[in-house]
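A quick write-up on the structure given underneath.
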């Protein structure tokens with residue numbers, strides 16, 4: 001009788017697991033080939049898998065996703081989606097459900113997850129500042145207002161990334177400052193502030209080793225750099241005046257520094273307002289060349305092995321993607337996926353790249369060796385594509 005009861009309980013447990021996974025899955029699966037695609041107009045995400053290049057299901061009712069981004073828990077099971085309306089949503093990718101959603105601000109532009117996976121931070125336009133939440137419960141554990149100057153003004157926050165040592169780094173757009181927040185004790189964050197870094201820092205990135213933080217400047221030509229191994233060295237200006245003597249072009253969309261290419265000692269960065277990709281030597285942080293491209297670059301993204309760089313562009317030239325061969329620094333392919341290419345994401349080993357084509361309502365998948373399209377998926381107004389491999393990378 002006791003064995004029968006035990007067997008029945010075990011059977012119910014297995015059934016519950018199957019139902020939680022959608023009622024059709026009979027064996028457990030991992031999360032390593034999963035990802036989410038933002039359906040910006042519908043306020044939902046589509047969960048995909050890259051092995052078979054298929055869509056699995058959608059999770060709705062996530063608010064305003066017009067400028068949404070995503071980070072993942074250490075095991076890749078949970079996705080944290082940052083909405084433009086200040087919403088922070090925790091999704092269970094195996095349970096196929098929304099776990100919890102909190103509206104923590106009036107206007108947000110991104111977030112990050114701490115090195116140990118225990119904290120999720122959100123950068124805010126309104127009311128400004130950074131708020132930090134417990135990754136398990138989404139309870140607020142720290143509120144860092146971006147207050148600056150003698151009159152106590154509040155700044156928009158952009159360029160938020162995680163850094164080693166349980167730190168978050170971000171820029172204050174209105175103040176022209178970079179802050180490093182040590183949240184080893186999240187109830188009492190320790191702040192290191194770098195002022196006068198340049199006008200209107202619009203985005204930031206951290207190098208894959210977690211050492212250098214770079215903030216792009218919209219108000220002037222140049223990039224501000226902080227060595228996180230040596231904070232006492234202060235802020236260094238690099239690529240100062242790279243557009244000097246050239247007539248500035250109207251900027252239709254700000255480039256993103258999150259996507260950038262690293263090949264040996266070279267970096268490839270989008271030039272603000274120019275039809276160029278900048279080539280920078282990491283040894284001395286000096287310009288080593290420029291690559292003319294189709295339009296104003298938005299994302300300049302490296303294939304994981306660093307051999308290729310893929311570039312998409314701002315409106316009105318945003319129906320094109322160009323592929324740069326890193327050794328020759330030459331464009332080897334110009335693709336035309338369709339109107340409004342917004343985002344590109346490589347699979348972990350780089351054999352595929354997934355491209356969102358918003359105005360064509362689809363995501364296209366390309367083989368990165370043949371440069372041929374191998375699949376396309378119908379998606380309602382897709383924007384950001386985020387794969388779970390990001391869980392194991394600094395700054396993504």
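Just so you know, all these numbers are worked out from the coordinates, no wet-lab data involved. What you see is a predicted model; the values in this text were computed from it and never measured. Ideal geometry is used to build each Cβ from the backbone, glycine not excepted, and the neighbour counts take in all protein chains shown.
Using a Förster radius of 22 Å, what is the FRET efficiency between residue 285 and residue 333 based on their Cβ-Cβ separation? Nearest 0.05, please. Could the numbers behind the result be given before it?
On the way: r = 30 Å, r/R0 = 1.34.
Between residue 285 and residue 333 the formula returns 0.15.
Identify which of 68, 233, 105 has the largest mean-square fluctuation in a Gaussian network model of the chain, with springs joining Cα atoms closer than 10 Å.
With Cα springs under 10 Å in the chain, the top fluctuation among 68, 233, 105 is at 233.
Using only DSSP helix segments of four residues or longer, with each worth -39500 (n - 2.57), what per-residue ellipticity at 222 nm results for the chain after dividing by its residue count and rounding to 500?
Helices in the chain give a 222 nm mean residue ellipticity of -1500 deg cm²/dmol.
How would you classify the chain from its alpha-carbon gyration tensor, with a ≥ b ≥ c the square roots of the eigenvalues: rounded for a/c under 1.5, else prolate if a/b is greater than b/c, otherwise oblate?
oblate
What is region 107-253's relative contact order, in percent, from Cα pairs under 8 angstrom and six or more apart in sequence? Walk me through the numbers on the way to the answer.
Working: 360 pairs, mean separation 19.9, N = 147.
14 percent.
Report the residue, chosen from 338, 165, 210, that carries the largest GNM mean-square fluctuation when the chain is represented by alpha-carbon nodes joined by springs under 10 Å.
Answer for the Gaussian network model of the chain: 165.
Where is the GNM fluctuation largest for the chain (alpha-carbon springs, 10 angstrom cutoff): 269, 56, 160?
The residue with the greatest mean-square fluctuation here is 56.
Which length gain, in nm to one decimal place, applies between residue 102 and residue 150 when the Cα-Cα distance is subtracted from 0.36 nm times their residue separation?
Numbers: separation 48, 0.36 × 48 = 17.28 nm, distance 3.27 nm.
Residue separation times 0.36 nm, minus the Cα-Cα distance, leaves 14.0 nm.
Show me the ranking of peptides 173-182, 195-204 by mean Cβ neighbours inside 10 Å, starting with the highest.
With the highest mean Cβ count within 10 Å placed first, the list reads 173-182, 195-204.
Give me the one-decimal nm value for the distance between modelled label points at residue 325 and residue 191, 7 Å along each residue's Cα-to-Cβ direction.
So the two model labels end up 5.0 nm from each other.
Once the piece of chain linking residue 237 and residue 351 is laid out straight, how much longer is it, given 0.36 nm per residue of separation minus the C-alpha distance between them?
Result: 37.4 nm gained on full extension.
Any chance you could run the full-extension gain for residue 393 through residue 140? It's 0.36 nm times the residue separation minus the Cα-Cα distance, nm to one decimal. Don't skip to the answer; put the middle values down first.
Working: separation 253, 0.36 × 253 = 91.08 nm, distance 2.45 nm.
Extending this stretch completely gives an extra 88.6 nm.
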